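Q: Provided herewith is a single structure, encoded as structure tokens, for subsequent inquiry.
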Amino acid sequence: MSRLIGIAGGSGSVKSTLAYSLQDRLPNLIEVVHFDDYQKSSEQIHYFNNMRNWDCPEAIDFDKLLSDLDLLKSGKDVEIMTKSERHNPRYIKDWKRVSYTMRAKELIIIEGYMSLTDERVRELYDLTIFLDLCFEERIKRRTKFISSDYTEKVLMPMHEMYVEPTKELADIVIKMEEHNAEEAKEQALALFQARGFL
């Protein structure tokens, strides 16, 4: 049976960087679930301050995520339509998702801004990590384009409302002002070792 590890944090807190660097270190043991793959289609996204709000729980198909995590945890592979840069580098050009098979490896990392928001999903995790970083640094490190209007009127209030409170729910909080991505990776590996995952 696979173990599930949730990595949460605000946009730009290097969640994806950490998750995929861990996978690169242990490719035979780790699979990564890219949380953004469970965002609903744009037609289903509600408006907030006259902009589509991609940063609220309603933008996520938690039922589909829950179903897929149940399958992975029970040892079954899952087919997903992904926009992950790792598996679909053309997405930023053509905005088309491609098929990817997530393997039910020993460790499944779920990385995403709202990976700790849904109680049903949280109950599946064997370990949860929150990457804590101030807003100014997160925006500097964010790799996806985002308008300043969206940042101010949607991203910031949604982060305060839905993401920041989940820090209190995490097993471990890593303060990213004090650590770089490599140090965070070593901390995570030490946690996996201490929990008997490796």
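The values are calculated or read from the model by the stated rules, or taken from the named source; none is laboratory data. Everything quoted here is computed from the prediction, not taken from an experiment. No Cβ is skipped: glycine too gets one built from the backbone with ideal geometry, and neighbour counts run over all protein chains shown. Ligands, DNA and RNA are stripped out before the accessible areas are found, and what is left, the full protein with its side chains, is counted by its heavy atoms. Shrake-Rupley method; radii C 1.70, N 1.55, O 1.52, S 1.80 Å.
Q: Can you work out which of the residues in segment 160-172 that are in contact with a helix residue (DSSP H, G or I) (Cβ under 8 Å, 6 or more places away or on another chain) and of a type in the set (A, V, I, L, M, F, W, C) is least open to solvent (accessible area, probe 1.4 Å)?
A: Out of the qualifying residues, it is Ile172.
Q: Does segment 96-140 hold any residues that are in contact (Cβ under 8 Å) with a residue 40 or more places away in the chain and out of contact with any helix residue (DSSP H, G or I) (no Cβ under 8 Å at 6 or more places or on another chain), and which are they? First the steps, then the outcome.
A: Taking segment 96-140 as the starting set, the residues that turn out to be in contact (Cβ under 8 Å) with a residue 40 or more places away in the chain are 97, 102-118, 120-122, 124-135, 137-140.
Matches in segment 96-140: Arg103, Lys105, Glu106, Tyr125, Asp126, Cys134, Glu137, Arg138, Lys140.
Q: Could you count how many residues in segment 104-127 are of a type in the set (S, T, N, Q) and either more than 17 Å from Lys64 (Cβ to Cβ) or open to solvent by 20 Å² or more (accessible area, probe 1.4 Å) (or both)? Don't jump to the end; show me each part of the working.
A: Keep residues of segment 104-127 that are of a type in the set (S, T, N, Q), which gives 115, 117.
So of that shortlist, the ones also either more than 17 Å from Lys64 (Cβ to Cβ) or open to solvent by 20 Å² or more (accessible area, probe 1.4 Å) (or both) come out as 117.
Going through segment 104-127 one residue at a time, the tally reaches 1.
Q: Just to be sure I understand the filter: pairs with C-beta atoms under 6 Å, separated by 6 or more residues or on different chains, first member in segment 33-51 and in contact (Cβ under 8 Å) with a residue 24 or more places away in the chain, second member open to solvent by 20 Å² or more (accessible area, probe 1.4 Å) and of a type outside the set (Lys, Arg). Which pairs pass?
A: The qualifying pairs are Tyr38/Asp61; Met51/Tyr150.
Q: Let me ask something else about it. Considering only segment 1-36, state which residues are in a loop (DSSP other than H, G, I, E, B) and either under 23 Å from Glu123 (Cα atoms) or touching a helix residue (DSSP H, G or I) at 6+ places or on another chain (Cβ under 9 Å) (or both).
A: Kept after step one, since they are in a loop (DSSP other than H, G, I, E, B), are these residues of segment 1-36: 1-2, 10-14, 26-29.
Selection gives Met1, Ser2, Gly10, Ser11, Gly12, Ser13, Val14, Leu26, Leu29.
Here is a yes/no grid of residues against (1) loosely packed, with under 12 Cβ neighbours inside 10 Å; (2) outside any helix (DSSP H, G or I); (3) at pLDDT below 95; (4) not aliphatic (A, V, I, L, M):
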{"residue": "Ile129", "(1), (2), (3), (4)": "no, yes, no, no"}
{"residue": "Glu137", "(1), (2), (3), (4)": "no, no, yes, yes"}
{"residue": "Lys140", "(1), (2), (3), (4)": "yes, no, yes, yes"}
{"residue": "Phe145", "(1), (2), (3), (4)": "yes, yes, yes, yes"}
{"residue": "Lys153", "(1), (2), (3), (4)": "no, no, yes, yes"}
{"residue": "Met158", "(1), (2), (3), (4)": "no, no, yes, no"}
{"residue": "Ile174", "(1), (2), (3), (4)": "no, yes, yes, no"}
{"residue": "Glu177", "(1), (2), (3), (4)": "yes, yes, yes, yes"}
{"residue": "Gly196", "(1), (2), (3), (4)": "yes, yes, yes, yes"}
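Q: Still on this structure, please answer the following. Taking segment 91-110 as the region of interest, how many residues are within 18 Å of Gln23 (Cβ to Cβ), hydrophobic (A, V, I, L, M, F, W, C) and in a strand (DSSP E or B)?
A: First pass over segment 91-110, keeping only residues within 18 Å of Gln23 (Cβ to Cβ): 100-110.
After this cut, where a residue has to be hydrophobic (A, V, I, L, M, F, W, C) as well, the list is 102, 104, 107-110.
Next cut, in a strand (DSSP E or B) only: 102, 107-110.
Summing the residues that are within 18 Å of Gln23 (Cβ to Cβ), hydrophobic (A, V, I, L, M, F, W, C) and in a strand (DSSP E or B) in segment 91-110 gives 5.
Q: Same structure again: Step by step: first the residues of segment 144-156, then only those that are free of Cβ contacts under 8 Å to residues at least 60 places away in the same chain and of a type outside the set (D, E, K, R), then the one that is farthest from Arg90 (Cα to Cα). Which residue is that?
A: Result: Met156.
Q: Still on this model: Would you pick out the residues in segment 179-194 that are open to solvent by 50 Å² or more (accessible area, probe 1.4 Å) and in a helix (DSSP H, G or I)? Break it down into steps so the answer makes sense when it comes.
A: Quick first cut of segment 179-194, residues open to solvent by 50 Å² or more (accessible area, probe 1.4 Å) only: 179-180, 182-183, 186-187, 190, 193-194.
Listed by number, the residues that qualify are Glu182, Glu183, Glu186, Gln187, Ala190, Gln193, Ala194.
Q: Which residues, taken from segment 52-91, are without any contact (Cβ under 8 Å) to a residue 12 or more places away in the chain and exposed (fewer than 15 other Cβ atoms within 10 Å of the Cβ)?
A: Correct list: Asp63, Ser67, Pro89, Arg90.
Q: Right, something else. Out of curiosity, is Val14 aliphatic (A, V, I, L, M), on the phi > 0 side of the Ramachandran plot and buried (at least 16 other Cβ atoms within 10 Å of the Cβ)?
A: Working: aliphatic (A, V, I, L, M): yes; on the phi > 0 side of the Ramachandran plot: yes; buried (at least 16 other Cβ atoms within 10 Å of the Cβ): yes.
Yes.
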